[in-house]
1. Against the conditions (1) in a strand (DSSP E or B); (2) under 23 Å from Phe30 (Cα atoms); (3) in contact (Cβ under 8 Å) with a residue 40 or more places away in the chain, where does Arg136 fall short? Just the number, please.
2. Could you please tell me which pairs satisfy a Cβ distance under 7 Å, a separation of 6+ or placement on different chains, a first residue in the stretch 143-165 that is free of Cβ contacts under 8 Å to residues at least 12 places away in the same chain, and a second residue that is among the charged types (D, E, K, R)?
3. Could you tell me whether the stretch 146-163 includes any residue that is loosely packed, with under 14 Cβ neighbours inside 10 Å, of a type in the set (Phe, Trp, Tyr) and assigned to a strand (DSSP E or B)?
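Every number here is computed from the coordinates shown, using simple stated rules; none is lab data. Please read these numbers as outputs of a predicted model, since none were measured by experiment. No Cβ is skipped: glycine too gets one built from the backbone with ideal geometry, and neighbour counts run over all protein chains shown.
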Amino acid sequence: MKTTICFCFFSILAFAQPESSSIYERRHEFTFGAVKLLAGPIVELNYEYIFREDFTFGTSVLVNGRNDNDWEEDFSVTPFARFYFQERKEFAAKGFFVEGFAKYSNGRNNDYGNENKQRYNAASLGLAGGFKLINRTGFVLEIVAGGGRTLGESKNAPDFIFRGDINLGYRF
């Protein structure tokens, strides 16, 4: 059901783009985390604004649809900034990138020796890297992986957080 809704959403975005706009002028991008969506009903939607050819910023929102899976986060908001390393400026924001991010998350600590899962709210900072491909029609494939450290002294929050997925989306 959620997969059908996401597919319909991105299909509408694809046909809503005016024909006169070239790929070089498009500055907005929506993607979703494909691996998390297939693994459990975990929906991660990303928005990215292309500020310059080599600098973008955006945010990611994650919602975990089930409490019985092994993913610790139930909800998170992750603003990020990316710097792209590319020699050809044919498409803006394409190729290898490094990302700095801040994350607010809440969830439950999966202490595997204990059935009592403790709730947490935590903020964290981290770095990630990845690679983005885009075609002339605006479809995007992106691979992201990275991690960060939790800030503060929360006993229930994980010390290390992971950020990564294979994202699919559309630039408009």
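1. (1)
2. Asp159/Arg149
3. Yes: one or more hits.
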